[in-house]
1. How many residues does the stretch 83-120 contain that are part of a helix (DSSP H, G or I) and over 14 Å from residue 16 (Cβ atoms)?
2. With the structure loaded, tell me whether residue 61 is modelled with pLDDT of 95 or more, surrounded by fewer than 16 Cβ atoms within 10 Å (Cβ to Cβ) and more than 15 Å from the chain's Cα centre (by Cα) or whether it fails that test.
3. What is the number of the single condition among (1) assigned to a helix (DSSP H, G or I); (2) at positive phi that residue 62 does not meet?
4. Check off (1) under 22 Å from residue 115 (Cβ atoms); (2) assigned to a strand (DSSP E or B); (3) without any contact (Cβ under 8 Å) to a residue 40 or more places away in the chain for residue 30 and give me the number that stays unchecked.
5. Of the conditions (1) out of contact with any strand residue (DSSP E or B) (no Cβ under 6 Å at 6 or more places or on another chain); (2) surrounded by fewer than 18 Cβ atoms within 10 Å (Cβ to Cβ); (3) under 26 Å from residue 98 (Cα atoms), residue 19 clears all except one; give me its number.
6. Among the residues of the stretch 38-55, write down those that are farther than 21 Å from residue 10 by Cβ and surrounded by 17 or more Cβ atoms within 10 Å (Cβ to Cβ).
7. Out of (1) crowded, with 20+ Cβ neighbours inside 10 Å; (2) free of Cβ contacts under 8 Å to residues at least 40 places away in the same chain, the odd one out for residue 25 is which?
């Protein structure tokens, strides 16, 4: 299977229609933007850099603290959630509103992350 940027972009755009996801981005583990569906005025490069940095530190943290391998990162703020999920050499970043059903979102992003891994 080959990596189809347009297919991934469409998947990210469709996320918001089925869950309370406000934005989604796929970034490289080096912090470069790959594909995004950001409906608000956001700096794609800053989101990519922060996502990769947080994810990479989290990967290192679970190893150093002997917690196994990283499954995902969940950050909760007053205005919603930031969820980071490894997808091969990429990081899937999702922004969700505070009323989001996290179980549903985790299920959906796990499926998408697996699709992305298979494309690499």
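1. First, the residues of the stretch 83-120 that are part of a helix (DSSP H, G or I): 102-119.
Still in the list and also over 14 Å from residue 16 (Cβ atoms): 102-103, 106-107, 110-111, 113-119.
So the answer is 13.
2. On the way: modelled with pLDDT of 95 or more: yes; surrounded by fewer than 16 Cβ atoms within 10 Å (Cβ to Cβ): yes; more than 15 Å from the chain's Cα centre (by Cα): yes.
When the stated conditions are applied, residue 61 passes them.
3. For residue 62, the failing item is (2).
4. (2)
5. Only one criterion in (1) out of contact with any strand residue (DSSP E or B) (no Cβ under 6 Å at 6 or more places or on another chain); (2) surrounded by fewer than 18 Cβ atoms within 10 Å (Cβ to Cβ); (3) under 26 Å from residue 98 (Cα atoms) is unmet by residue 19, namely (2).
6. Residues satisfying the conditions are 52, 55.
7. (2)
The values are calculated or read from the model by the stated rules, or taken from the named source; none is laboratory data. Since we're looking at a predicted model, the values are computed, not measured. Here the Cβ is made from the backbone with ideal geometry for all residues, glycine too, and neighbour counts use every protein chain on show.
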